[in-house]
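Worksheet: the structure to be examined is printed underneath.
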Amino acid sequence: MAAETVDGAARGAGAPSDAPMVDIRGLDVTFHSKGRTVHALSGIDLAIEPGEFLTIAGPSGCGKSTLLRVIAGLTEATAGEVTLRGTPVEGARRDVGFVFQRAALLDWRNARGNILFQAEMRGLPRAWARERADALMEMTGLTGFENAMPYELSGGMQQRVSLCRALLHEPDVLLMDEPFGALDALTRENMNVELRRIWEATGMTVVLVTHSVAEAVYLASRAIVMGPRPGRIIEEFPIDLPGHREYEPTLESPEFRRVSGRVRELLGSAAHAE
Amino acid sequence: MTELTRQTPTLPSARLVRRARPSRRRRASRGLVAALYPAVFLALVVVAWFLVTATEMVEPYIIPSPADTWAAFTDYPDYLWEHTLVTTRETLAGFAIAALVGVLVAVLMVYSSTLEKTFYPLILFAQVIPKIAIAPLFVVWLGFGTSPKILVAVLMAFFPVVISGISGLRSVDPELLELTSTMGASPVKTFLKVRLPAALPELLSGLKVAATLAVTGAVVGEFVGANSGLGYVILQANGNIDTAMLFAALIIMSLLGVLLFAVIQVAEMFLIPWHASRRNRG
């Protein structure tokens, strides 16, 4: 039953198992506003494999959020091809889970109600959704807060609710736009560890945009660094760290230091280029 | 496809802040304390009123004494009740029509920019026309029955409903709307589950303003041409220099407005208990 939650037609159609989950070729995005033309993304080529944890780091204004929005179909590509699970992205996609920097919860619903909102809007079976919501809340440490209203929750807890909502319909791709950017440092580290653990447990494809170097390297199986004006991919790093990562040992490991040092260098020069 | 494994969190959930909700009883006692302030002030006003009239500083036909005003209530209860009912009916009908049409117009304008561009300036223009000035026209068109009074009440109450409705429906988080677009839900579902609840706090504020204006509208309609209603009572009392009766009618009118306002206030308690305006009271 759970497998039917995402539209089955798209899943079966023309998506061989070895094809990339997301395939972007020659992507260009330009915005026109107030007589000015902004070249947000230029010549992006990117393939994201199923089960990959891809992080995208870059200075603000490099178009990293735009790239994520293009994958979800929330922003239209000006030129180039974007396919998700073998089907071209035209308009908002239903087979993704999206997490914004702000939790964007419904103020009038409690934690469980906010998570089940996903199921109600999609018309998923009620009993199944409820069971899955409970399991997700347990996994993200929300047990005991099922009936708490958003205003009773801290920022970190609100973002957990937002994450559960994004996972409820078992999307193939989880897209996260600086999800922990508004949290304090300690909560952010905890959320990183939990997200990594959830990814290990589920094996889903995650694309996460961040401007934190540590986050980009710690979480990723592959990290991409972007530069601004026009937004483009400068370099990509396969992260050669163990699958299961304890937080502090990972941050102190030579590989982490090597990669994050290099990423920081790139971000620094990208920022100076402005 | 993705297998969800049940697993207890490896980390203690950090920063579990939960603010306690005030208990129902505490909230109720707070409400009584809050009512005390205006009650004390009102009592002082009545005392001042009594002193002014008791010392005969002004003639009774200019300001009647509290006792005379009270006598107007007790001497003519049926008369006042009958006319109060007329004005109440007109007010409620006007308010209901204004609320329904106002919300409908707000929804149409939020969803269609063409409609908004066409009608928003016209509604604004219509709002600027003094309703009191066009009330006689309604009597010419609709006669001396209740309909011209209801129409004036509608016109008075309509504007705040539309304005608060539009701004309420627009106040929804754009990211929330983007999120619903990835859920493939119908626009109707999105409206009912996201837009409308998000609009309720502002809409209810607009309805509170509209309620008091509807009373004014009904009475203004009665001023222009009527043989019943509180506006008629005021005109009659004025003609007879019966200031006590005039005061009595004024007090009933005010109570009518306050009562309608209070009904919406109570509705807020049930409809938007989550909203900051309700949580931060007291």
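At a glance:
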{"quantity": "Count - residues of the range B:86-118 that are within 20 Å of B:PHE191 (Cβ to Cβ) and part of a helix (DSSP H, G or I)", "calculated": "17"}
{"quantity": "Residue in the range A:108-120 that is within 7 Å of chain B (Cβ to nearest Cβ) and part of a loop (DSSP other than H, G, I, E, B) present", "calculated": "yes"}
{"quantity": "A:GLY141, sole failed condition from (1) under 24 Å from A:GLU246 (Cα atoms); (2) at pLDDT 90 or above; (3) not aliphatic (A, V, I, L, M)", "calculated": "(2)"}
{"quantity": "Scan of the range B:54-85 for residues that are among the aliphatic types (A, V, I, L, M) and assigned to a helix (DSSP H, G or I), ordered by number", "calculated": "B:ALA54, B:ALA67, B:ALA71, B:ALA72, B:LEU80, B:LEU85"}
{"quantity": "Residue tally, condition touching a Ser or Thr at 6+ places or on another chain (Cβ under 8 Å) and within 14 Å of A:LEU46 (Cβ to Cβ), over the range A:221-234", "calculated": "5"}
{"quantity": "A:THR78 being out of contact with any helix residue (DSSP H, G or I) (no Cβ under 9 Å at 6 or more places or on another chain), of a type in the set (Val, Ile, Thr) and more than 12 Å from chain B (Cβ to nearest Cβ)", "calculated": "yes"}
{"quantity": "Residue match in the range B:221-231 (condition: among the charged types (D, E, K, R), in contact (Cβ under 8 Å) with a residue 12 or more places away in the chain and within 30 Å of B:VAL33 (Cβ to Cβ))", "calculated": "no"}
{"quantity": "Pair list, Cβ under 7 Å, 6 or more apart: the range B:66-85 residue farther than 20 Å from B:VAL219 by Cα, other residue exposed (fewer than 14 other Cβ atoms within 10 Å of the Cβ)", "calculated": "B:PRO66/B:VAL46; B:PRO66/B:PHE50; B:ASP68/B:PRO60"}
{"quantity": "Index of the failed condition, A:ARG132 passing every other in (1) surrounded by 22 or more Cβ atoms within 10 Å (Cβ to Cβ); (2) closer than 16 Å to B:LEU179 by Cβ; (3) among the charged types (D, E, K, R)", "calculated": "(2)"}
{"quantity": "Selection within the range B:32-48 - of a type outside the set (A, V, I, L, M) and either at pLDDT 90 or above or in the same structural domain as B:ILE252 (by TED's automatic domain parsing) (or both)", "calculated": "B:PHE41"}
{"quantity": "Members of the range B:161-192 found to be within 7 Å of another protein chain (Cβ to nearest Cβ) and not hydrophobic (A, V, I, L, M, F, W, C), listed by number", "calculated": "B:ASP173, B:GLU175, B:GLU178, B:THR180, B:SER181, B:THR182, B:GLY184, B:LYS189"}
{"quantity": "Some residue of the range B:208-228 being within 14 Å of chain A (Cβ to nearest Cβ) and surrounded by 22 or more Cβ atoms within 10 Å (Cβ to Cβ)", "calculated": "no"}
{"quantity": "So B:THR55, is it out of contact with any Asp or Glu (no Cβ under 7 Å at 6 or more places or on another chain), within 14 Å of chain A (Cβ to nearest Cβ) and at pLDDT below 90", "calculated": "no"}
{"quantity": "Count of the range B:238-280 residues which are surrounded by fewer than 17 Cβ atoms within 10 Å (Cβ to Cβ) and part of a loop (DSSP other than H, G, I, E, B)", "calculated": "4"}
{"quantity": "Residues (farther than 17 Å from A:ALA103 by Cβ, at the interface with chain B (Cβ under 9 Å from one of its Cβ atoms) and within 24 Å of the chain's Cα centre (by Cα)) located in the range A:129-153", "calculated": "A:ARG132, A:ALA135, A:GLU138, A:MET139, A:THR143"}
{"quantity": "Test: residue in the range A:69-83 that is in contact with a strand residue (DSSP E or B) (Cβ under 7 Å, 6 or more places away or on another chain), closer than 23 Å to A:ALA223 by Cα and assigned to a loop (DSSP other than H, G, I, E, B)", "calculated": "yes"}
{"quantity": "Candidates A:ARG126, A:ARG160, A:ARG130, filtered to the one that is among the basic types (Lys, Arg) and without any contact (Cβ under 8 Å) to a residue 12 or more places away in the chain", "calculated": "A:ARG126"}
{"quantity": "Hits in the range B:106-148 (condition: surrounded by fewer than 17 Cβ atoms within 10 Å (Cβ to Cβ) and farther than 30 Å from B:THR87 by Cβ)", "calculated": "B:LEU108, B:TYR111, B:SER112, B:SER113, B:THR114, B:LEU115, B:LYS117, B:THR118, B:PHE119, B:TYR120, B:PRO121"}
{"quantity": "Residue count for the range A:190-201, restricted to those that are facing chain B (nearest Cβ under 9 Å) and either acidic (Asp, Glu) or in contact with a Pro (Cβ under 6 Å, 6 or more places away or on another chain) (or both)", "calculated": "1"}
{"quantity": "Options A:ARG102, A:ARG130, A:ARG160: the member that is of a type in the set (Lys, Arg) and touching a Lys or Arg at 6+ places or on another chain (Cβ under 9 Å)", "calculated": "A:ARG130"}
{"quantity": "Test: B:LEU169 is touching a residue at least 60 places away in the same chain (Cβ under 8 Å), closer than 30 Å to B:HIS275 by Cα and not β-branched (Val, Ile, Thr)", "calculated": "yes"}
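Here's the yes/no breakdown for (1) under 21 Å from A:ARG93 (Cα atoms); (2) surrounded by 14 or more Cβ atoms within 10 Å (Cβ to Cβ); (3) modelled with pLDDT of 85 or more:
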| residue | (1), (2), (3) |
| --- | --- |
| A:PRO16 | yes, no, no |
| A:GLY26 | yes, no, yes |
| A:GLY35 | no, no, no |
| A:GLU49 | yes, yes, yes |
| A:ALA57 | no, yes, yes |
| A:THR66 | yes, yes, yes |
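The values are calculated or read from the model by the stated rules, or taken from the named source; none is laboratory data. Fair warning: this is a prediction, and the values are worked out from it, not measured in the lab. Neighbour counts are summed over all protein chains in view; Cβ atoms, including those assigned to glycine, are modelled from backbone coordinates with ideal geometry.
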